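Chemist: This is the structure I want to talk about, given as structure tokens.
Derivation of every value follows stated rules applied to the coordinates shown; laboratory data play no part. All values reported here derive from a predicted model rather than from experimental measurement. All Cβ positions, even for glycine, are placed from backbone atoms using ideal geometry, and neighbour counts span all protein chains on display.
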Amino acid sequence: MSKDQAIEKASEFYEASIIAKFEEAKWQDKVEGFNGLKEAIESLKPDKTIVEATLKFVKAKMKDFKESNINLMKETANIFLCLTQHCEEIPKRAVACFSPFLCEKIGDIKMSAAIKDGFMNAAESCTAKFISI
């Protein structure tokens, strides 16, 4: 799925007010967008296509992870954690698009717990799928 397709799918799935927060200039507004996204994920429990679209949407809105605001970086890791906690299946393609950023930041004390837990949850999701086959 391309970046444009992911943005389109995420915009169709999540409320417009949540998506609009990511277009704001202030980081505080973007954090509100992340919080709204987490609430939506918890209640809607997206399928694997939307999980991939969500992660690629976040990557695009974080300027391909070139965003340097620590609050936004923490929220990025928390989105990954939230998806791995509340969704049944986490596709490998979705994890692959986030892995370079997460691996680079895993040593950051402010982000390491969320990243480690997210990777563990994703691994358990893959293992459960493999065992059920």
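Chemist: Let me know the charge dipole size of the range 3-132 about its Cα centre in debye, to the nearest 20, where only the beta-carbon of Lys, Arg (+1) and Asp, Glu (-1) is charged.
Modeler: 400
Chemist: Between Asp64 and Ile109, what is the spin-label point distance in nm, taking each point 7 Å from the Cα along the Cα→C-beta axis?
Modeler: 3.3
Chemist: Please identify, among Asn78, Asn121, Asn69, the residue showing maximal mean-square fluctuation in a Gaussian network model of the chain using a 10 angstrom Cα cutoff.
Modeler: Result for the chain, Cα springs under 10 Å: Asn69 fluctuates most.
Chemist: Which order do Met111, Met1 fall in if you start with the one that has the fewest other Cβ atoms within 10 Å?
Modeler: Ascending number of Cβ neighbours within 10 Å: Met1, Met111.
Chemist: Considering the options Gly33, Ile115, Cys87, tell which one lies farthest towards the positive end of the dipole of the range 3-132, charges being +1 on Lys and Arg and -1 on Asp and Glu at the Cβ, about the Cα centre.
Modeler: The Cα lying farthest towards the positive end belongs to Ile115.
Chemist: May I pose another question? How high is the relative contact order of the chain? Use alpha-carbon pairs under 8 Å, at least six apart in sequence, and give a whole percent.
Modeler: 25
Chemist: Once volume of the Cα convex hull per residue in Å³ is worked out from the coordinates, which option in [x] 107; [y] 171; [z] 96 does it equal?
Modeler: Only one option fits the structure, namely [z].
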